[in-house]
1. Here is a check on your reading of the model: is Val77 assigned to a strand (DSSP E or B) and either of a type outside the set (D, E, K, R) or farther than 29 Å from Glu23 by Cβ (or both)?
2. Out of (1) among the hydrophobic types (A, V, I, L, M, F, W, C); (2) at pLDDT 95 or above; (3) open to solvent by less than 70 Å² (accessible area, probe 1.4 Å), the odd one out for Leu50 is which?
3. Note down all Cβ pairs under 9 Å where the first residue falls in the stretch 11-25 and is closer than 12 Å to Ile78 by Cβ, the second is part of a loop (DSSP other than H, G, I, E, B) and at pLDDT below 95, and they're at least six residues apart or on different chains.
Amino acid sequence: CAHPLFDAVSPKERIRFVCGKEEARARVDSVRRYTHLLSLVLWERAGRILPGANKAEIYRVIRSIYPREKRRRGFVVIDFELTGPVIPTGG
């Protein structure tokens, strides 16, 4: 779902992902914003959202994950390319 944190993300920007004790760096290739979940599901390739699922399944899964109030914010799709390996953060 869209979040104010993603408002400033733009193509060519460098970002860092941190998950638990690992991190990875990436370069943003493109950013697409959708007002409605249905638009996202219709325009994006299903296999890139949830490999092996069809569009109807993706719609149901996303609706089950995000409550209505979060879905009202819209959605952001960020395409990126890792610029290095996933590395331990040591903490």
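The values are calculated or read from the model by the stated rules, or taken from the named source; none is laboratory data. This one's a predicted model, so the numbers in the text were calculated from it and none came from an experiment. Don't worry about glycine lacking a Cβ; one is built from the backbone with ideal geometry, like all the others, and counts go over all protein chains shown. Please note that ligands, DNA and RNA were not included when accessible areas were found on the heavy atoms of the full protein model with its side chains. Shrake-Rupley method; radii C 1.70, N 1.55, O 1.52, S 1.80 Å.
1. Considered against the rule, which asks whether it is assigned to a strand (DSSP E or B) and either of a type outside the set (D, E, K, R) or farther than 29 Å from Glu23 by Cβ (or both), Val77 comes out as yes.
2. It fails just one condition, (2).
3. Ile15/Val9; Phe17/Val86
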